[in-house]
């Protein structure tokens, strides 16, 4: 980890010194154990704030749209895919952003670590290869890193940055498993069971919109939940309103969602937000052969069509 | 109010842990009881129907208990128009009294701020209807979380403020201190036994250790005045740059009380509801003209800090933060209010 | 509600101006009978139908939604229905995934000359939705009526 941190710092220093960028968007150590957080570095003497470990989970591409400065961004696989989509949607100019690509071994879910250690409290954590060494007031424990990854990272098929200007560290082997086994399992349930499950999930929602705001692809100047003429959905935690909010949030990301999982990680009450998103990611792949954010050339699936697109759902009396 | 606070409580008893279920049973017979329960991975304060649902080995509930008094969605009245005649229907008052059992002292103290803001000249009947009929039994923190900072905000891990009864875990039982007359009445329950000098001494020691374990937040004297001076300081931009503009900090906060009113109509009848709102949302200050006086996350975040650390101390003589630490642990980008306060305290702008 | 108070489904149909609406018109002028359960909203093109139209309709309590446009290749605006088809395919799949019954929301193509097809379509859709019974999922239960008897003023 220290080596990656050093490499990122060196690249950032060089970019700032040569005035290639005005700001480097990366991660720094957070204010608590098991936390890293986004930071903005504008001066060469501040580059040592930059840091890299298994908790650099935020989707930094969220900070790119509307940014006037020329920026460099530390980009994991999912971040780079988000940048690709943003470039395609003309929210980011390719020549105004430099991607510092970091092949990512998956980010660690702090809540899993905390509950495995509970009720003991963790004061410090070190990360060495595939082990996490926790230290608390009266204990020290070694955990296997790969067992504590975020859900979104477990099913990640693109850990390497798909677009990068500088690369940190080495290319990782990409998994070739079917990432949608869970969606197929869910789909096999009855409609009643699926509805009940999602309703229970959505019932936890407090409508704080953290899922929306953490999403790198949610940049509309006016979100549909804020529209008042017409007002599509009510503002309260009424179960119908909340369900429609989650359905439409997911739907708006159809063909755009890069499966970074930022929505689910931001949710303070643990709603299974990605279920709907992933269903659409799978559908878009199955029906239109498109995966979001993989290259700059392919047209977005809902901005195009083929005459022989699926007709299977059309009623023929 | 019975004079309480620190030191030897004027009226305290012991509740042995094996007698807690019978106490809760009797509470349930007369009242609606809210208590910490486990829902999946998290602890929430919810209505309970059996003592076995209650979880008291917990740090703090994910959401603050303010929704018990100030719900996320609250009907204010229903209306119906028929042939030019308007009928308005107002929700009835609460029929059964309630008790909130086992919340943390920071959250109980947060209610005092809500009492001030929603009380006063324009008393909020919906809030006080629930507040007046609800007893608060809180559970002191013997091991405050590293994210907690109640002591620096004027409360404390074992503070009785806002509670009717304060419980302190002595491992085989709880020391129960009556803070109000209503709390003292609860001590009449047969589950409680007389306390002894030894338990009181242990309790005193636990309280002291708990307070000592908390890291103080570096906060300037007269911060409320100082903040006014640094209102235009460029530091705000740096402090808020990572803010995503979501409403987690305000929605989970035990003292944030901003709301919006909406009409939900269907044909000629409908309902006026009150829903939570957040100063972190652009729509909060968006005007019909198109102007938004708080156009970016910077202004909105500044409002949150100013409100909690400057405006409320001036208008209500109480900080708008009780140090529960929810915004610290739940912020998706770890924007830590303690660091913000520290940074503003050290700043020399203005 | 039909006569004798028996429940009858209420179905909302979004029909494109150039084909399906004209098809419905033809069914009418040709005096072809079809169930009266459908309420028609004319839209310029099936591509105009936002998913919000469909979800809002379900939220407000209609029992079924039908969207119909020109056959592929025959769109008055050349490609409106092609674009719509992709959107609808995803929306339909998402709603079903979430547990909304398969027949609640349906899509079809009806041309201006297909009055008989339109009538058959409405018969089929109505029968299927009648079979499902009243819509419950996604319906926003109106908060109406009195809280208690004495508060009226």
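Throughout, read-outs are computed from the coordinates displayed, never taken from laboratory work. Treat the numbers as computed from the prediction; the structure is a model and nothing was measured. Ideal geometry is used to build each Cβ from the backbone, glycine not excepted, and the neighbour counts take in all protein chains shown.
Taking Cα atoms only, the orientation of helix C:20-29 departs from the longest principal axis of chain C by about 90 degrees. Neighbour counts of C-beta atoms inside 10 Å place B:214, A:107 in the sequence B:214, A:107, starting with the fewest. Please work out the C-alpha center-to-center distance from region C:85-133 to region C:14-82 and express it in whole Å. Here the two parts' Cα centres lie 10 Å apart. For region B:223-300, just say rounded, prolate or oblate: build the C-alpha gyration tensor, square-root its eigenvalues into a ≥ b ≥ c, call rounded for a/c under 1.5, and beyond that prolate if a/b exceeds b/c, oblate if not. Taking the square roots of the gyration eigenvalues as a ≥ b ≥ c, region B:223-300 is prolate.
Using a Förster radius of 45 Å, what is the FRET efficiency between residue B:171 and residue C:136 based on their Cβ-Cβ separation? Nearest 0.05, please. Write down the numbers at each step before the final one.
Details: r = 50 Å, r/R0 = 1.12.
That gives a FRET efficiency of 0.35.
For region B:216-263 versus region A:53-117, the inter-centroid distance based on Cα atoms is 26 Å.
Using only DSSP helix segments of four residues or longer, with each worth -39500 (n - 2.57), what per-residue ellipticity at 222 nm results for the protein assembly as shown after dividing by its residue count and rounding to 500?
Details: 26 runs with 257 residues, N = 820.
The helix contribution divided over the protein assembly as shown gives -9000 deg cm²/dmol.
Please state the shape class of chain B: rounded when a/c is under 1.5, otherwise prolate if a/b exceeds b/c and oblate if not, all from the C-alpha gyration tensor. It comes out oblate by the Cα gyration axes. Using C-alpha pairs below 8 Å separated by at least 6 residues, the relative contact order for chain A is 16 percent.
With a ≥ b ≥ c taken as the square roots of the eigenvalues of the C-alpha gyration tensor of chain C, please select rounded if a/c is under 1.5 and otherwise prolate if a/b is larger than b/c or oblate if it is not?
Numbers: a/c = 2.15, a/b = 1.55, b/c = 1.39.
Since a/c reaches 1.5 and a/b is larger than b/c, the shape of chain C is classed as prolate.
Take every DSSP beta bridge whose two residues both sit in the protein assembly as shown; close to 60 percent of them are antiparallel.
The calculated FRET efficiency for the pair residue A:285 and residue A:69, based on their C-beta separation and a Förster distance of 35 Å, comes to about 0.50.
Ranking of A:196, B:277, B:107 by neighbouring Cβ atoms within 10 Å, starting from the fewest: A:196, B:277, B:107.
In percent, what relative contact order does chain B have, based on Cα pairs under 8 Å that are 6 or more apart in sequence?
Result for chain B is 21 percent.
Placing a pseudo-label 7 Å from each Cα along the Cα-to-Cβ vector at residue B:237 and residue B:97 gives an inter-label distance of 5.7 nm. Can you grab the distance from the C-alpha centre of region A:203-232 to the C-alpha centre of region B:71-145, Å, no decimals? The distance from the Cα centre of region A:203-232 to that of region B:71-145 comes to 28 Å.
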